[in-house]
Structures are given as structure tokens and as C-alpha cells.
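Data block below; observations after.
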Amino acid sequence: MELNGINTYGSNIEKKIVDAGYDNSKMEKDDFLKVLLADIKWQDPMEAKDVSEFINNTVKLREMEVLNSFESSVKALDSANTSNALLMASNLIHKEIKYEGNETYLKDGKTKVEFSLKDNADTVEISVMDRNGNLVESKSFTNLEAGKEYPFEIDNPELRDGYYKIYINAQKDGKSVDSTIYSRALVDGVIRKDDQIKVLFGAKELEIEKILQIGG
């Protein structure tokens with residue numbers, strides 16, 4: 001017996017529910033149900049499709065859309081936060097900061113430096129050099145303890161404004177003792193580099209997180 005209804009079912013009927021290339025990930029709930037019902041309606045009864053695959057694919061696409069939207073929002077927020085951080089950091093321009101390093105800024109012949117030792121020291125010699133390598137200041141200490149911060153001030157009106165290098169020679173029983181120097185710098189500008197906000201002074205760049213003190 002000829003089953004004309006089955007043999008020709010759907011073969012001559014336009015079955016356009018959505019446009020070609022329609023993005024399922026943007027499908028609304030009602031549209032999704034229409035497509036699902038249409039797919040069931042127009043399928044060959046002798047080769048019924050498993051609609052679970054269609055549902056799973058659509059769900060996955062929707063999950064990807066939500067994830068991509070979330071990632072875009074995070075990137076936009078991160079960019080905004082970085083821009084705000086850069087704007088806030090600009091308030092440091094022309095401000096004096098304290099940082100760990102051996103180049104200190106001298107203004108009107110004055111500056112202050114601190115240093116600490118990794119071990120007790122019998123003698124400590126501090127030398128201050130200008131950019132040409134000339135010794136402009138020096139001072140000696142004896143019997144200093146480890147872990148403490150010791151101040152060293154320069155007050156010499158004959159010295160020009162600018163950066164000077166600090167060198168420390170600490171000795172214990174004839175052996176060298178490591179030291180850490182804390183200097184002053186005058187911020188010239190701020191930049192965003194390598195996903196970090198940095199301040200500029202002299203010829204240096206310093207991550208803003210490494211600033212130990214502002215002013216004072």
C-alpha cells in the first residue's frame with residue numbers, strides 16, 4: 001500500500017521557521033519552543049530525531065554566550081579600575097616619596113636617608129656620591145644592631161638639587177654585612193606599564209605598591 005502521506009510528507013512544503021544562519025545562542029525562550037516544536041512537526045515519522053541533542057546544543061550555546069558576556073564585563077571593569085588607579089596616582093606628581101633604593105633626591109642641600117642592617121656591625125661607613133662619582137658627604141657609625149632603621153641626614157647648601165647615590169660599607173669581624181637603604185625621590189610622572197601603575201623619578205620606574213611613605 002502506498003503511503004503517499006508519508007512519502008511526500010513535508011517534501012513540498014516551505015519549512016522556514018528562522019532565517020538561515022540564525023544564532024541559537026541569542027534565541028529567546030518562545031523562539032526556542034517554536035523551533036523545537038517545528039522540528040518535531042516536520043520530521044520524518046519513520047526517522048524520528050532525538051531532540052535531546054538539539055536541546056543540549058542550544059543550552060551549551062546559551063552558556064557560552066553568558067560566559068562571554070561575563071568575561072567582557074570583567075575586562076571592562078578591570079580597564080576602568082586601571083584607568084581610575086592611574087588618575088589617582090597622578091596626585092603623586094611633584095610629591096616626595098620614600099622607597100627602598102640607593103638614589104636619593106636632594107633639595108636645597110637637604111635630604112634624609114634611613115638604612116638597616118641584616119646583622120650587627122662593628123663599623124658602618126656611609127658615602128654619598130654625585131652623578132660624576134665624586135664623594136660629597138660621608139659619615140661613620142659604630143656598634144649598630146641588626147633590624148633597626150638608622151637615619152642619616154644631609155644638610156649641605158653647596159650641593160645642587162638632584163639625585164645622589166648612597167653607598168654603605170658595613171663590617172663585622174672583618175666581614176661585610178648586608179644593608180638596606182631607604183631613600184627619598186620626587187615623583188615626575190606616572191605611567192601604566194605591564195599592567196601595573198608606576199611612578200617616574202630621575203631615570204627610574206617604581207611600582208606604586210613599593211612606595212613606603214608619601215611626604216614627610
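Any read-out appearing in this document is the output of simple, stated calculations on the displayed coordinates, not a laboratory observation. Please read these numbers as outputs of a predicted model, since none were measured by experiment. Virtual Cβ from ideal backbone geometry, glycine too; neighbours counted across all protein chains shown.
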- Message: Filter Lys112/Lys193; Lys118/Lys139; Lys98/Lys172; Lys172/Lys210; Lys118/Lys198 down to the pairs with a C-alpha to C-alpha distance above 23 Å, please.
- Response: Lys112/Lys193; Lys98/Lys172; Lys172/Lys210; Lys118/Lys198
- Note on the structure: The value for segment 94-214 (convex hull of the alpha-carbon atoms, volume per residue, Å³) is 113
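Most exposed first by the Cβ proxy, i.e. fewest other Cβ within 10 Å, how do Met88, Met129 rank? Walk me through the numbers on the way to the answer.
Working: Met88 12, Met129 16.
By the 10 Å Cβ count, ascending, the order reads Met88, Met129.
Given a Förster distance of 41 Å, report the FRET efficiency between Leu87 and Asp178 from their Cβ-Cβ distance, rounded to the nearest 0.05.
Values: r = 39 Å, r/R0 = 0.94.
The computed FRET efficiency comes out at 0.60.
Arranged by the count of other C-beta atoms within 10 angstrom, fewest first, what order do Glu100, Glu209 take?
Working: Glu100 13, Glu209 8.
The fewest-first ordering by Cβ neighbours comes to Glu209, Glu100.
Arranged from highest to lowest average of other beta-carbon atoms within 10 Å per residue, in what order do the peptides 186-198, 140-152 appear? If you can, show how the numbers build up before the last one.
Details: 186-198: 14.7, 140-152: 12.5.
Highest to lowest by the protection proxy: 186-198, 140-152.
Sort largest first and round to whole Å: the equivalent ellipsoid semi-axes of segment 163-216, each the square root of five times a Cα gyration tensor eigenvalue.
Output for segment 163-216: semi-axes of 29, 13, 10 Å.
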- Message: I want to check the label-to-label distance for Arg131 and Arg192. Put each point 7 Å from Cα in the C-beta direction and report it in nm to one decimal.
- Response: 3.1
- Any idea what the relative contact order of segment 139-216 is, in percent, if you count C-alpha pairs under 8 Å spaced at least 6 apart? 13
